[in-house]
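A short write-up of the structure that comes next.
Throughout, read-outs are computed from the coordinates displayed, never taken from laboratory work. Since we're looking at a predicted model, the values are computed, not measured. So basically every Cβ, Gly included, is an ideal-geometry build from the backbone, and we count neighbours across all protein chains shown.
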Amino acid sequence: MLPPSLSTLNNFSNQQLDKKDILYIRTTTSTSSSAFVFLHPSITMFSSNEVILGGSVSPGFEPVRDMFESNLRRGSEHNCQLCVYARGRRVVDLWGSAAGDDGYGPDTLQCVFSSGKSLSAACAAVLVGRGRLDYRERVSTYWPEFGKGGKEDITVADVMRHEAGLVSLARTLRWEDMFRKE
């Protein structure tokens, strides 16, 4: 039997899910709780009647296009776009629809969640590589004001792993608060 929170996935899948198809991880700390769900690659979330694929890839990047198309055909993606630059040159520019949505294309606005996390991690890794940041160091070493209110022992690694227990602000911030000098 699936945990209750996972049983609703059956509403989105075109097949019944079973425990063997899912890796379910739940983490809990004193201040927060997270759940992660990973579906077996054979599980599809959308039934795809007509796949529309557009765009181009540079020579050598054909496997990216193949994987992109495979994700659409399996129903792992609904409407999606992928654009990759390598050494300042666009090498992948793909878009597609597993729903046969011919109105979806390269210029369709796309809602993206949590995209800043990977960019922050990449920037932090560059700083670590240059010796300017240490994951084991306390955040207050780099930002002294952070070490107040019980946060003095939080490390950079704690923040990067989202295990610092900083789940919300104590009050609503106003736009003016972002630029206050005190």
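Could you list the trypsin sites (Lys or Arg not before Pro) in the range 93-160 that lie in coil according to DSSP, counting only those with at most 15 other Cβ atoms within 10 Å of their Cβ?
Here the sparse-neighbourhood loop sites are 130, 132, 136, 148.
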Could you tell me which of rounded, prolate or oblate describes the range 112-161, using a ≥ b ≥ c as the square roots of the eigenvalues of the alpha-carbon gyration tensor, with rounded for a/c under 1.5 and, failing that, prolate when a/b is larger than b/c and oblate otherwise? oblate
Sum up the charges of everything whose Cβ sits under 14 Å from the Cβ of residue 159, counting Lys and Arg as +1 and Asp and Glu as -1, but leave residue 159 out. -1
In order over the range 82-90: 3J(HN,Hα) from phi, Karplus 6.51/-1.76/1.60, θ = phi - 60°, whole Hz, x for each Gly or Pro, gives 8, 10, 10, 10, 10, 6, x, 10, 6
